Each structure stands twice: as structure tokens, then as C-alpha cells.
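Notes follow once the structure below has been shown.
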Amino acid sequence: MNDAPSHRLPEDWLDAGLAAIDEWGSIQAALAADNQTVLTELFRDHPEDGFDYWAHFPPDDARDPVSAARFYYHAHEPAEWTLAEHGHFHLFIADDDEPDFAHVVAVSMDSQGRARRLFTTNAWVTGETVRSATELLARLPNAFEINRSRPSWLVGRWLTALVALLMPQIRELLEARDRALTTDAGEWPDPEVLADRDRHVLSECPLDMGAIRAEWSRRLEAMQSQLVFPPG
């Protein structure tokens, strides 16, 4: 993460990210204790032949009844599974009183259940109503809150915490996506890009979750070192 003034995190992002360190780490530790991953947890009731590859899982998406946020996962065919790529989570936010939804980011997962890459997609990929980075970032991370028991409470909490931890990366990706959707004359969104079926991905970046967690821990230590306690 860059500490330059233009990349400093808003206070609510800092608070959410610092709170997410423990939750995300605890979920990871709980899964590892049972030799499980976030993907085996997601599909625990569905054997390999129990769902359609590339289809939405769950079929009607996992939608939070309070926040209206949602996600789904789609997996590649087993013959395509590699250490680098298994499938993707697609994450969305929405308003309760509106049918439209906006894609936040996709999280690419490897076959060991590790988040390896983030990317944004063209609007036609998910059928979203495209919204500007400014609008989305003003609502995140609080607008992405998944708290329901199915298909997995742990997976919902894992994704919620992940978004909070990845807000610096999500900001850069959404801003890069907006640049890709801006015409030379400054029109946004560019109708030609939106209609281009050859443009699936508009921005992407690799993920190193170990480095990201270490950076959040550094931020926490820096904040704690600045605390001044009154003499006892």
C-alpha cells in the first residue's frame, strides 16, 4: 500500500481493514485446522458432479437480506484446474429498493483455495448496471456485507473481511476500470467499450495475501505506537 497523500485510506476504510485482520485470519485458521479451504467449505454439500461448471453457484446467488450485497462463484471445468486458476467469486453491491446491481470486483481463486488475483469486468460479463468508481468507493466496504447461513456463513464472512482488507487494491482497480471506460473526449462510460464482446477484463492485479496482511499489521502497530496513555 502506498502512503502518498493521494493513496491514504479514509478513516472508515482503516477501521474496517483493521477489524478485518482478525476475522479473516481466524476464518483461515479455522479452515486450516480441519484441512479445509474456503472453496471446500463453499462446496461442502456439493460433490464435484453436483453442480454445473461455469454456472452461478449458488444458482440464485448468495444475497444478503439486509445489505442487498451478493456474490456467486463459478468454477472452471476440472480439466482446467491449476494451481493458478480454479474459478472466480464475483462480488456485487445493490440497493434494497432497486433491481439494479453493480459489480465491485472479481476474486480469482487457485485450486488450493487461495485468492490470487483481482479483476474488474466489462458490464456485459455480469449484466450489471455500471456505476462509477467514485460512487462505488463512497459505499464500500460497508455496502458489501454478507451475513447469511447458506451456502456458507464462513464464506460470506471471509468475503466480507476480504473486501475490507483489499480496499486499496479495489480503489486502484475501479479507477483503472473507469479510465478504460472513458473516451478520448472524456465521455463516460464509453458505449463502444461497453459493447465490445472481446473486452472481458478492464483492469486486474495479482494478490499476495501474506504481504497484504503484513501491511495491515504494520499499520496497526504504527497506530498503537502513536497512542499516548496518561500517567498512571
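Looking across Ala69, Ala106, Ala84, one residue alone is open to solvent by less than 10 Å² (accessible area, probe 1.4 Å), in contact with an Asp or Glu (Cβ under 7 Å, 6 or more places away or on another chain) and of a type in the set (A, V, I, L, M). It is Ala69.
Report whether or not Asp208 is charged (D, E, K, R), open to solvent by less than 80 Å² (accessible area, probe 1.4 Å) and free of Cβ contacts under 8 Å to residues at least 60 places away in the same chain. For Asp208, the condition - charged (D, E, K, R), open to solvent by less than 80 Å² (accessible area, probe 1.4 Å) and free of Cβ contacts under 8 Å to residues at least 60 places away in the same chain - is not met. Considering only region 103-121, state which residues are aliphatic (A, V, I, L, M) and either over 16 Å from Ser203 (Cβ atoms) or touching a Gly at 6+ places or on another chain (Cβ under 9 Å) (or both). If the condition is that a residue be aliphatic (A, V, I, L, M) and either over 16 Å from Ser203 (Cβ atoms) or touching a Gly at 6+ places or on another chain (Cβ under 9 Å) (or both), then Met109, Ala115 are the ones that fit.
Among the residues of region 11-35, the one identified as polar (S, T, N, Q) and open to solvent by 80 Å² or more (accessible area, probe 1.4 Å) is Asn35. Condition check: surrounded by 17 or more Cβ atoms within 10 Å (Cβ to Cβ) and of a type in the set (S, T, N, Q). Does Thr120 satisfy that? Yes; evaluated as a whole, the condition is true for this residue. Residues of region 133-162 that are of a type outside the set (Asp, Glu) and open to solvent by 30 Å² or more (accessible area, probe 1.4 Å): Thr134, Ala138, Arg139, Asn142, Asn147, Arg148, Ser149, Arg150, Trp153, Leu154. Taken over region 178-220, residues that are within 30 Å of Asp15 (Cα to Cα) and of a type in the set (A, V, I, L, M, F, W, C) amount to 9.
The values are calculated or read from the model by the stated rules, or taken from the named source; none is laboratory data. The structure displayed is predicted, hence computed values, not measured ones. When we count neighbours, we look across all protein chains shown, and the Cβ atoms used for this are built from the backbone with ideal geometry, even at glycine. The area values use the complete protein model at the heavy-atom level, side chains included, leaving out ligands, DNA and RNA. Shrake-Rupley method; radii C 1.70, N 1.55, O 1.52, S 1.80 Å.
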